[in-house]
Every structure is written in C-alpha cells, then in structure tokens.
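Peer 1: Please find one structure pasted underneath; my questions will follow.
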Amino acid sequence: MKKIYKYFVSPKADEAIVSSLAATMISNNFELAPVYSQLFKSEHFFDEKNSNVLIKSPIDLMLGLHKTLGFKLDDTLDLEVQFRNKCRDMGQIIFSPVDVAGWQGNQDWINSETLPKRWEFSDYLLIKYWKKNKNQFKKLIISLVGNKETELKVIVNALKDFMFCPCKIKDEELSEAIAVFIGEVPENYFEDGTWSINDDSVPKQVYDLMRFFITLPEFQLK
Amino acid sequence: MKEDSANKDKGKAHDEEHAQWDRRGFLKTLGVAGAGAISFGSSSLSVVDSQMLTAALAEVDNDRVLVLIRLKGGNDGLNTIVPIYDFDTYANKRPKIHIPQNSLLKLNDDFGIPNYMKNLDGLWKNGAMKVVHGVGYENQNLSHFKSSEIWASNSEDSSVTSGWMGRYYEEKYMDYMINPPKKPLAIQIGNGGNLVFNGDLTSYAFSVSSPERLKKVAESGTIFDTSNPPASLHGNQVSFLREAANTTYRYASVIHEAYDNSKEYSGYQDNSIDLQLSLVSRFIKGGLGSKVYMVTLNGFDTHANQPTRHQTLMTRLSDSIKTFYTDLKNHGVDDKVLSMTFSEFGRRVAENGSSGTDHGSAAPIMLFGPALNGSSFVGDHPSLITLDKKGNMANSTDFRSVYATLLTDWLCADSDLIKQGNDWN
C-alpha cells in the first residue's frame, strides 16, 4: 500500500492514510479498485502539499508532455519506438522493471547522465512538433489566454501553469522566461501596442518559451 | 586557419570522423557517450564530461577576441554616421529629425557623428575605429524577424537554421558534442533565439537572456540558485533537481573562475549595455579564453520620437564602448579585442509622420579596437538620392564580406566555412 501511495501521491508516506487504504483493501476482499477510488477522491490527494513532489518517470515525462500539449507530429514518426528507445536511454525499459521490486523511482531517475537526456528528449518532442506545424504553438497560447492578451507576465505564467503542475518559480527565472518570450520582437512593440498575440512571430515565441520551460527543475516534477 | 603540423593531423582525424558520421550518427553517439545538448534560454549547451580533444586545437589559436554588439530593432545609420557630404539632401528628407550641422562632430570632411557620441571621438583620433559604409544585402527583407535571421544565418532560406558563427564552429570543432572544449567557445547575452551561434546540431554559445542572470552565474559558479529553498517537500525536490542540474552544466564554474580572477573596473554605469560589457571585460581579463562574445542593446526600432530615443541609445553605446576600451587598456589587452556593431537593418532615408523612421536597408557597421591600426571609412556611402521604390538606399557592401573578413583576418579562420549561405544570391 505504501508503494501505491508513493507512486501516486508523494515520496513521503503519510502513515495514517496508508493504514486507512490498507484497511479498505482488506475489507474489500483485497480488491484494489475501492482503494484507488478512496485515494483519488480524497482531499489528501488534492492537497497542495502533495502536488509537485513526485519526480516524473521517463515515460511519464515523455507521454505527459505529449498528452498535455496534444500537438500533431509527423505521421511517419513511430512514436512507440521513439518513446521506448528514449525511455531506455533515460533508465527505464518499459514493461521491464529492473527487478521484482520495480523501479525505485523518485530521485533515482536523476543523475548527471539522465538529466541532460531528459532535457534533450523533451526538447526533441518540441522540435518535432515545430517541424510538423508551427501554428499549433500559437493556437495553444490563444486557447490559454484568448486572442487579446498583451500582458507578458500573464501569458508567460499561463503557459508555465499549463506545462507544469501549478507552482511558483523563482523571480529571476520568470524574468528570464519573459525575456525568452520577447525574443526577436523589439521591446517597444510591447509598450506601444504594436505586438499582438495574433502576430506571425508568436509561434516562435511560444516555442522558444517552451524550450526554456523544459529546462527548469520544476518541469521534472508532477 | 593557421595550422601547425600537429594540427594538420588532427584535421585529418576530423575529416575521417566527419566521413564516418553523418548527423544522425552524431546524435546516436551522443546517447551512447552519455552526452546531450541541453536547452538554456533558447539555446543549447553541451554537457558532456570527457577528454578535451579540441582544447588542444584551441591552444594553437591566437588570443584574439571578437565582441559583437547587436543593436536590436534596426539602427538608423544616417543619424549615426551623418553624411555631411550631402547634408542638404539629408536634412531635407528629415526636416524634424536630422542632426543639425552645429551639433555634429566631424570625423572627416564628409562624415560626422552627433555630439552626444563624443566618447567615440577619442577612439577615432587614436586610430581605433573604422566605419564600413552601406552594409546590407540585396532585396532587404524589412521584417525584424526575417532580417535578423538572414543576418544571423547568412541565408534567405528559412530552412537554414544554423548561423554564420555556428557553421564555422561546427566545421572547426567537429567533435564538439563528444569532446567539448574546456571553455565556452562563445558567450551570448540577450539571445531570444538569435541564430548567430547555432549550428545544425547544437548552439555553440553559452547564452543567457539577461545580463543579470549571467552575472549571477559568474558570481555563484552555478546555473541555478540553490539558496533559500521553500521549506517543504516540493522545495526539497526542487533543490535536489537544481543541484543535479548545476553539476551537469559544465561552463558555469569556468565562467565563475574567470570572473573571480579579475577585478571590477569602476567606470561602468548602471545600465544593461554597461553591465554586459563589464562582464565581457571581466571574462577577458580573467582569462576565460572564449573567442567570441555577443552583447545586445535593445530599443532601436525608432518609428516614433526618434531624436530623444536615439540620442539616449547612442550616448549609452558610445559611453560604454569608451569605458570598455579604457578598462581593457588598463589591463593591456585592448589590442586583443575587436568589437563590431550590427543591426538587422538600417532605416529609411526620409522621416515618417511621427518624428521617426521606418524599416530601411543598408546601414554602417562600426568597428572598434586599437588593433584596427588606423581609423578610416571603408567602402562607399550609398546614395541618398538614388533609392529603391520604398525609399531605401542600396547596399554598397555585402554583410557577408564583412563577416568573412573578420573571421579570416581577425580570428584567422578559413573563410570557406562561412560561405555556405551565399548560394542564394
């Protein structure tokens, strides 16, 4: 039961909750469905304390990004093979855990070899979406903030909260994110109202911002 | 590139490597070797720890440095280097925004700079400034984005995503990804996706979007600030990831070392370009060994109220260049550093209705540094009368020839390496 808890909630087990889940399992003839039902409906599960505390597994990282964005990729790209190979390189052979105890998870996923790969492979997906269709980046940001928003902080934060489980990032990193989003657009465009979220520069701005976000530590968490 | 014999052998080895490994092969090898290109800002860094094959290559090079100063937004060349030789045409086309003759500092009988750029006068008189007239390219594209791309990549073809410096580095450091040099080849401040240093595979610059961030890196020797994490499980996890990331980025510590090895010069003012040049100077003085730096001064898109805005910018630029070279001279390294301004385009000859200028074409490039060995003008100033349909001047010098000259004559590179983008003309 602790394993289930650590997998879905937090690496730090709350003994009371774990015991309660164990009791549910026993009283339900060792069926797991009621356990999950109880856990996923609990306030504890949605508690802010328990968000952004799990380090994504490689497949979680790749699939999570892919599903979150919902972007199109080239039809010829064999995503299953790509994911399988890339997860293997990041230390996870899908459907083949290291031993009977399974993957240790959490900080075990991160070392100086796997972390750069996690950046690189997230970036790889973004590059593939970009090559397929640049406009999907613009569509996404408009779907998040509408087609009239001009406040940089609002736009950058909206994308951050969409790509990360909502959490605060450091001020200096937020400033850098804004600088990245401004990109090639002359700064005065934002002051004199020349810039709009419908501009041709926007797909690239969003793309660059995403490529920045995936390098932040918070992107590794869920 | 000047080669000694040992270097030639290395060149051969490089060629063989190149023949064996296509780009896909390169990327594959990355996985095997545990290397990777990571994104920081919107560029990439290599993070591999391995033997420094290319370091030796860098050793045989000279100790020269090139500083690229990007004037972002499209600098108005005519109010930077004022054509006194045709002053009437100049003033008539710009009744509101021309620099009056009594506010000009003459560089020679034909050209002058506005008084507020007076801090460049010393460099000019000491033979440390050159101006290349009418730099641009045929059929100027007037979009900031496209034009920046063309200036950076030397190509009109959108599919070319590598930059002129990046291509040079890609040829020169073929095994960059596997054996990256000890020090960053280039440092770029204020990138926002500029292509100059991008190769096809990776970016060859250590780049940050803001000088403040670079300063933090230089001061702390780490990419991510690990101080004061929030006291929570989330805070712990973020700290853990920050520390893991810090040990992975390879250049933060050498940047920190160079920064620590040098002293702050007190002459700099409190603004972005001064901060950028003061950091560049500290890296140079501290022996970082990076060959190319790029700094950015933003705000040149002067469609409206040009006179005050341009004056502020050009004053800032001139002051900072003077301070930079004074600083370098105090350390006896000023003759090792060549600086060049560039911008995605110049501005239209005639002013617009809001005391500003619209996107134009050719504009002068300014070069600074005692190594220039004599101040002068290079090339011909484009005519202010014979203009294209939009009212823009024709370029008299192709920007690629300026790049090629810098690479061959200053960095002693083989200029063939940057010619790939030339085919479209």
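The values are calculated or read from the model by the stated rules, or taken from the named source; none is laboratory data. These numbers were taken from a predicted model, which means no experiment stands behind them. FYI the Cβ positions are ideal-geometry reconstructions off the backbone, even for glycines, and counts take in every protein chain you see.
Peer 1: Among the numbered conditions (1) surrounded by fewer than 18 Cβ atoms within 10 Å (Cβ to Cβ); (2) at pLDDT below 80, tell me where B:TYR251 comes up short.
Peer 2: (1)
The rows are residues; the columns are (1) farther than 27 Å from B:ASN228 by Cα; (2) polar (S, T, N, Q).
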residue: A:LYS128; (1), (2): yes, no
residue: A:ASN133; (1), (2): yes, yes
residue: A:THR150; (1), (2): yes, yes
residue: A:VAL156; (1), (2): no, no
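Peer 1: Condition check: within 21 Å of A:LEU126 (Cα to Cα) and exposed (fewer than 12 other Cβ atoms within 10 Å of the Cβ). Does A:LYS72 satisfy that? Walk me through it before giving the result.
Peer 2: Values: within 21 Å of A:LEU126 (Cα to Cα): yes; exposed (fewer than 12 other Cβ atoms within 10 Å of the Cβ): yes.
Here the answer is yes, as A:LYS72 does meet what is asked.
Peer 1: Return the residues of the stretch A:1-28 that are within 21 Å of the chain's Cα centre (by Cα), of a type in the set (Ser, Thr, Tyr) and assigned to a helix (DSSP H, G or I); say none if nothing qualifies.
Peer 2: A:TYR5, A:TYR7, listed by residue number.
Peer 1: Sticking with this one: Take A:SER37 and tell me if it is in a helix (DSSP H, G or I), of a type in the set (Gly, Ala, Ser), within 30 Å of B:SER232 (Cβ to Cβ) and within 14 Å of chain B (Cβ to nearest Cβ). Show your work before the answer.
Peer 2: On the way: in a helix (DSSP H, G or I): yes; of a type in the set (Gly, Ala, Ser): yes; within 30 Å of B:SER232 (Cβ to Cβ): yes; within 14 Å of chain B (Cβ to nearest Cβ): no.
In short, no.
Peer 1: Right, next: Exactly one condition in (1) part of a loop (DSSP other than H, G, I, E, B); (2) among the acidic types (Asp, Glu); (3) surrounded by fewer than 23 Cβ atoms within 10 Å (Cβ to Cβ) is not met by A:ASP161; state its number.
Peer 2: For A:ASP161, the exception is condition (1).
Peer 1: What is the number of the single condition among (1) farther than 19 Å from A:GLY70 by Cβ; (2) more than 11 Å from chain B (Cβ to nearest Cβ) that A:LYS138 does not meet?
Peer 2: The one condition A:LYS138 does not meet is (1).
Peer 1: Quick one: which strands (runs of 3 or more DSSP E) lie wholly within the stretch B:325-425 and hold at least 3 residues that are modelled with pLDDT of 90 or more and under 25 Å from B:ASN298 (Cα atoms)? Before the answer, list the steps.
Peer 2: On the way: elements: B:337-342, B:363-368, B:376-378.
Counting at least 3 such residues, we get B:337-342, B:363-368.
Peer 1: Keeping to the stretch A:194-208, report how many residues are more than 7 Å from chain B (Cβ to nearest Cβ) and surrounded by fewer than 24 Cβ atoms within 10 Å (Cβ to Cβ).
Peer 2: Here is the first cut: in the stretch A:194-208, the ones more than 7 Å from chain B (Cβ to nearest Cβ) are A:194-200, A:202-203, A:205-207.
Checking which are surrounded by fewer than 24 Cβ atoms within 10 Å (Cβ to Cβ) leaves us with A:194-200, A:202-203, A:207.
The qualifying residues number 10.
Peer 1: Determine which member of the set A:GLU191, A:GLU80, A:GLU120, A:GLU151 is of a type in the set (Asp, Glu) and facing another protein chain (nearest Cβ under 8 Å).
Peer 2: On the way: A:GLU191 fails: facing another protein chain (nearest Cβ under 8 Å); A:GLU80 fails: facing another protein chain (nearest Cβ under 8 Å); A:GLU151 fails: facing another protein chain (nearest Cβ under 8 Å).
So the residue among A:GLU191, A:GLU80, A:GLU120, A:GLU151 that is of a type in the set (Asp, Glu) and facing another protein chain (nearest Cβ under 8 Å) is A:GLU120.
Peer 1: Here is a check on your reading of the model: is A:GLY91 out of contact with any helix residue (DSSP H, G or I) (no Cβ under 8 Å at 6 or more places or on another chain) and either within 14 Å of another protein chain (Cβ to nearest Cβ) or touching a residue at least 60 places away in the same chain (Cβ under 8 Å) (or both)?
Peer 2: Details: out of contact with any helix residue (DSSP H, G or I) (no Cβ under 8 Å at 6 or more places or on another chain): no; either within 14 Å of another protein chain (Cβ to nearest Cβ) or touching a residue at least 60 places away in the same chain (Cβ under 8 Å) (or both): yes.
So A:GLY91 does not fit the description; no.
Peer 1: Which residues, taken from the stretch B:213-259, are under 25 Å from A:THR114 (Cβ atoms) and in contact (Cβ under 8 Å) with a residue 40 or more places away in the chain?
Peer 2: B:ILE223, B:THR248, B:TYR249, B:ARG250, B:TYR251, B:VAL254, B:ILE255
Peer 1: Can you give me the ranges of the strands (runs of 3 or more DSSP E) entirely in the stretch B:38-143 with at least 1 residues that are touching a strand residue (DSSP E or B) at 6+ places or on another chain (Cβ under 7 Å), modelled with pLDDT under 95 and of a type in the set (S, T, N, Q)? Reasoning before the result, please.
Peer 2: On the way: elements: B:43-46, B:65-72, B:104-106, B:111-114, B:129-136.
Strands (runs of 3 or more DSSP E) meeting the threshold: B:43-46.
Peer 1: Sticking with this structure for a sec: Check whether at least one residue in the stretch A:126-141 is over 30 Å from A:TYR5 (Cα atoms), in contact with a Gly (Cβ under 9 Å, 6 or more places away or on another chain) and free of Cβ contacts under 8 Å to residues at least 60 places away in the same chain, and report yes or no. Break it down into steps so the answer makes sense when it comes.
Peer 2: Looking only at the stretch A:126-141, we keep the residues that are over 30 Å from A:TYR5 (Cα atoms), and these are A:126-141.
Pick out the ones that are also in contact with a Gly (Cβ under 9 Å, 6 or more places away or on another chain) and you get A:136, A:140.
Among the residues that remain, those that are also free of Cβ contacts under 8 Å to residues at least 60 places away in the same chain are: none.
Looking through the stretch A:126-141, none of the residues is over 30 Å from A:TYR5 (Cα atoms), in contact with a Gly (Cβ under 9 Å, 6 or more places away or on another chain) and free of Cβ contacts under 8 Å to residues at least 60 places away in the same chain.
Peer 1: With the checklist (1) within 14 Å of another protein chain (Cβ to nearest Cβ); (2) under 30 Å from A:LYS134 (Cα atoms); (3) in contact (Cβ under 8 Å) with a residue 24 or more places away in the chain; (4) of a type in the set (D, E, K, R) in hand, flag the one item A:ASP14 doesn't pass.
Peer 2: (2)
Peer 1: Give me a count of the residues in the stretch B:254-271 that are assigned to a helix (DSSP H, G or I) and buried (at least 19 other Cβ atoms within 10 Å of the Cβ). Let's see the steps before the verdict.
Peer 2: Residues of the stretch B:254-271 assigned to a helix (DSSP H, G or I): B:254-260.
From what's left, buried (at least 19 other Cβ atoms within 10 Å of the Cβ): B:254-255, B:258-259.
The number of residues fulfilling the criteria is 4.
Peer 1: Under 8 Å between Cβ atoms, at least 6 apart or on separate chains: pull out the pairs that start in the stretch A:47-61 with a residue that is over 12 Å from A:TYR7 (Cβ atoms) and away from chain B (no Cβ under 12 Å) and end on any residue that is among the hydrophobic types (A, V, I, L, M, F, W, C) and not in a helix (DSSP H, G or I).
Peer 2: Pairs that qualify, where the first residue is over 12 Å from A:TYR7 (Cβ atoms) and away from chain B (no Cβ under 12 Å) and the partner is among the hydrophobic types (A, V, I, L, M, F, W, C) and not in a helix (DSSP H, G or I), are A:PRO58/A:MET90; A:ILE59/A:ILE94; A:LEU61/A:MET90.
Peer 1: Name the single residue that is surrounded by the most Cβ atoms within 10 Å (Cβ to Cβ) among those in the stretch A:142-158 being free of Cβ contacts under 8 Å to residues at least 40 places away in the same chain and assigned to a helix (DSSP H, G or I).
Peer 2: A:ASN157
Peer 1: Still on this structure: Would you mind stating whether A:GLU80 is touching a Gly at 6+ places or on another chain (Cβ under 9 Å) and either assigned by TED's automatic domain parsing to the domain that holds A:LYS139 or without any contact (Cβ under 8 Å) to a residue 40 or more places away in the chain (or both)?
Peer 2: Details: touching a Gly at 6+ places or on another chain (Cβ under 9 Å): no; either assigned by TED's automatic domain parsing to the domain that holds A:LYS139 or without any contact (Cβ under 8 Å) to a residue 40 or more places away in the chain (or both): yes.
Criteria not met by A:GLU80.
Peer 1: Here are the criteria: (1) free of Cβ contacts under 8 Å to residues at least 24 places away in the same chain; (2) touching a helix residue (DSSP H, G or I) at 6+ places or on another chain (Cβ under 9 Å). Tell me which single one B:THR308 does not satisfy.
Peer 2: Unmet condition: (2).
Peer 1: Restricting to the stretch A:104-125, count the residues that are without any contact (Cβ under 8 Å) to a residue 40 or more places away in the chain, under 26 Å from A:LEU77 (Cα atoms), of a type in the set (D, E, K, R) and assigned to a helix (DSSP H, G or I).
Peer 2: Count: 2.
Peer 1: Also, quick follow-up: How about the stretch A:85-103: which of its residues are of a type outside the set (Phe, Trp, Tyr), on the phi < 0 side of the Ramachandran plot, surrounded by 12 or more Cβ atoms within 10 Å (Cβ to Cβ) and part of a loop (DSSP other than H, G, I, E, B)?
Peer 2: Applying the first criterion (of a type outside the set (Phe, Trp, Tyr)) to the stretch A:85-103 yields A:85-94, A:96-102.
Narrowing the set further to residues that are on the phi < 0 side of the Ramachandran plot leaves A:85-90, A:92-94, A:96-101.
Applying the additional criterion that residues be surrounded by 12 or more Cβ atoms within 10 Å (Cβ to Cβ) yields A:85-90, A:92-94, A:97-98.
Selection gives A:MET90, A:GLN92, A:ILE93, A:ILE94, A:PRO97, A:VAL98.
Peer 1: Across the stretch B:272-324, which residue is nearest to B:HIS98 (Cα to Cα) among those that are away from chain A (no Cβ under 14 Å) and in a loop (DSSP other than H, G, I, E, B)?
Peer 2: B:LYS291
Peer 1: Another question, if that's okay. In the set A:ILE4, A:ILE110, which member is touching a strand residue (DSSP E or B) at 6+ places or on another chain (Cβ under 8 Å), farther than 30 Å from A:ILE141 by Cα, surrounded by 14 or more Cβ atoms within 10 Å (Cβ to Cβ) and β-branched (Val, Ile, Thr)? Reasoning before the result, please.
Peer 2: Details: A:ILE4 fails: touching a strand residue (DSSP E or B) at 6+ places or on another chain (Cβ under 8 Å).
Going through A:ILE4, A:ILE110 in turn, the sole match is A:ILE110.
Peer 1: Output the residues belonging to the stretch A:170-193 that are in contact with a Lys or Arg (Cβ under 8 Å, 6 or more places away or on another chain), surrounded by 16 or more Cβ atoms within 10 Å (Cβ to Cβ), within 30 Å of B:SER239 (Cα to Cα) and among the acidic types (Asp, Glu).
Peer 2: Answer for the stretch A:170-193, where residues must be in contact with a Lys or Arg (Cβ under 8 Å, 6 or more places away or on another chain), surrounded by 16 or more Cβ atoms within 10 Å (Cβ to Cβ), within 30 Å of B:SER239 (Cα to Cα) and among the acidic types (Asp, Glu): just A:GLU176.
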